[in-house]
Amino acid sequence: MKTIKVRLKERSYDIVIGAGLLSKTGALLQKLGLGKDAVVITNKPLLGLYKRDLETSLHKDRFTVRFELVPDSEKAKSSNVALKLASRIAAYDKKRSVFIIAFGGGVIGDLAGFVAAIYKRGVPYVQIPTTLLAQVDSAIGGKTAIDLNIAKNLVGAFYQPRMVISDISLLETLPARQIRNGMAEVIKYGVIKDRQLFAFLEKKYSDILRRDKESLEFVVSRSSRIKVNIVEHDELDKTGLRAVLNYGHTVGHAIESASSYLSRYNHGESVAIGMAVACDIASKLKLTSPEVCERIKALIKKAGLPTKITGLNLSKICGSLAHDKKFVRGKNRLVLPVSIGKVKIIDGVPDRIINEAIKKNLKNG
Ligand code: NAD
Ligand code: GLY
């Protein structure tokens, strides 16, 4: 078991990473003084797979356990679901000391973290991420959110968990498409900060896709460290340091929103296309070389992720882009690759160049 410390003064916490950690959940939480009554927010498929193991572990350390189920899709990140959850927790929370466990992927992590932030103006919560994407990214750093119809993640709060338990064994039941989904964020870390990680991915991508435990543990640890280092220096996304995590996310979020968060593109697939589009923009602006772009796109493809957009048109994507919360006073802000391991934040990229790059990556269908 590896432990990574997130140092944020009184909001500091540990990320523990390893295989078979679910059965140790009760023991890991015991010393945190969270309260005795765990409310586990999860969905039906995950409940079917892991209820017994999680409940047994929590009971062993004398926690009471209540499961709260939410829909299994991005639609769970809605005001309706969040407020219903808060009401159900309030009805249960009489003479108890409740804390929340987010048990799921990024959808459940973002939603449960948001409910923890707003219920009673904040109750403790713990992240047990069950997808690769959530283990390497969304469970870390305290960004919690729900979506509005016009764009994703528009309502939210910075609210740090008290612990993150990343059990690599949970990834055994994850569908293959979801492993690829998480790979998009891992590739992102390679491009923005870590050329050794990028080179590792180029060599070992097939081991990761077939869930080799050692490779998975390596990419979860390495990615977590990169994110922790960034969050420790810019917790509230104020200095521009944390903004580099948005590489691929500006156009990516627009694609995700434009396809109405339905099943065409999941988060990682949208980010993969967004990273490819960002390469073309950087190339056009002469920030990077064609060789760097080709290396990035080649790795995205090797990981089984798309670089081309199907079923959406330019005006739909541009309509969603206008609502990007990363834009400052209506001016766009893009994270663009310079070399492998180095990116630059550029404000006010001409719309013409963005549109051309999106068009170049449109595939009719
Ligand atoms: P997800 O949460 O929808 O999970 C994907 C699917 O995998 C779901 O159907 C889920 O039920 C299933 N699943 C999860 N774990 C499983 C397991 N161990 N075995 C079998 N099935 C399992 O998708 P995601 O990609 O994890 O998260 C995407 C969300 O994360 C988006 O809403 C995105 O905005 C958010 N996100 C947030 C941050 C952040 O910093 N807060 C960062 C990146 C992404
Ligand atoms: N996923 C982007 C961030 O945490 O800042």
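The values are calculated or read from the model by the stated rules, or taken from the named source; none is laboratory data. Predicted model only: the values in this text are computed from it and were never measured. Cβ: placed from backbone, ideal geometry, glycine included. Neighbour counts: every protein chain shown. Note: areas computed on protein heavy atoms with side chains; ligands, DNA, RNA excluded. Shrake-Rupley method; radii C 1.70, N 1.55, O 1.52, S 1.80 Å.
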Problem set entry | When residues of segment 233-254 are limited to those that are surrounded by fewer than 16 Cβ atoms within 10 Å (Cβ to Cβ) and away from ligand 2 (no atom under 11 Å from the Cβ), the one nearest to P129 (Cα to Cα) | H233
Exercise. Do you know which residues across segment 142-172 are among the polar types (S, T, N, Q), more than 16 Å from ligand 2 (Cβ to nearest atom) and more than 29 Å from A276 (Cα to Cα)?
Worked result: S169
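Of all residues in segment 59-70 being part of a loop (DSSP other than H, G, I, E, B) and either over 25 Å from S97 (Cα atoms) or not aliphatic (A, V, I, L, M) (or both), which is most open to solvent (accessible area, probe 1.4 Å)?
Among residues in segment 59-70 that are part of a loop (DSSP other than H, G, I, E, B) and either over 25 Å from S97 (Cα atoms) or not aliphatic (A, V, I, L, M) (or both), the one most open to solvent (accessible area, probe 1.4 Å) is R62.
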Problem set entry | Matching residues, segment 175-208, being basic (K, R) and more than 19 Å from the chain's Cα centre (by Cα) | R195, K203, K204
For this session: Go through segment 97-134 and give me each residue that's in contact with a strand residue (DSSP E or B) (Cβ under 7 Å, 6 or more places away or on another chain), within 9 Å of ligand 1 (Cβ to nearest atom) and over 18 Å from K44 (Cα atoms).
Result: G113
Seminar exercise, completed: Given (1) within 16 Å of ligand 1 (Cβ to nearest atom); (2) at pLDDT 95 or above, E74 misses just (2)
For this session: Kindly check whether there is at least one residue in segment 181-201 that is open to solvent by 10 Å² or more (accessible area, probe 1.4 Å), on the phi > 0 side of the Ramachandran plot and within 16 Å of ligand 2 (Cβ to nearest atom).
Result: no
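I'd like the full set of residues that are more than 13 Å from the chain's Cα centre (by Cα) and open to solvent by less than 10 Å² (accessible area, probe 1.4 Å), limited to segment 110-122. Please lay out each step first, then the result.
The initial filter retains those residues of segment 110-122 that are more than 13 Å from the chain's Cα centre (by Cα), namely 112, 114-122.
Matches in segment 110-122: A112, V115, A116.
Every residue, every condition in (1) among the acidic types (D, E); (2) more than 16 Å from ligand 2 (Cβ to nearest atom); (3) under 18 Å from the mean Cα position of the chain (by Cα); (4) open to solvent by less than 70 Å² (accessible area, probe 1.4 Å), yes or no:
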position	(1), (2), (3), (4)
D72	yes, yes, yes, no
K75	no, yes, yes, no
N80	no, yes, no, no
L83	no, yes, no, no
I89	no, yes, no, yes
D93	yes, yes, no, yes
A102	no, no, yes, yes
I108	no, no, yes, yes
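Tell me yes or no: at least one residue of segment 213-231 is of a type in the set (S, T, Y), within 13 Å of ligand 1 (Cβ to nearest atom) and not in a loop (DSSP other than H, G, I, E, B). Before you say what the answer is, go through the steps one by one.
Of the residues in segment 213-231, the ones of a type in the set (S, T, Y) are 215, 221, 223-224.
Remaining after also requiring within 13 Å of ligand 1 (Cβ to nearest atom): 223-224.
Still in the list and also not in a loop (DSSP other than H, G, I, E, B): 223-224.
The answer is yes, given that some residue of segment 213-231 is of a type in the set (S, T, Y), within 13 Å of ligand 1 (Cβ to nearest atom) and not in a loop (DSSP other than H, G, I, E, B).
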Seminar exercise, completed: Going through segment 125-174 in order, the residues found to be polar (S, T, N, Q), part of a helix (DSSP H, G or I) and open to solvent by 10 Å² or more (accessible area, probe 1.4 Å) are S138, S169, T173
Exercise. Somewhere in segment 247-268, is a residue more than 20 Å from L362 (Cβ to Cβ) and at pLDDT 95 or above?
Worked result: yes
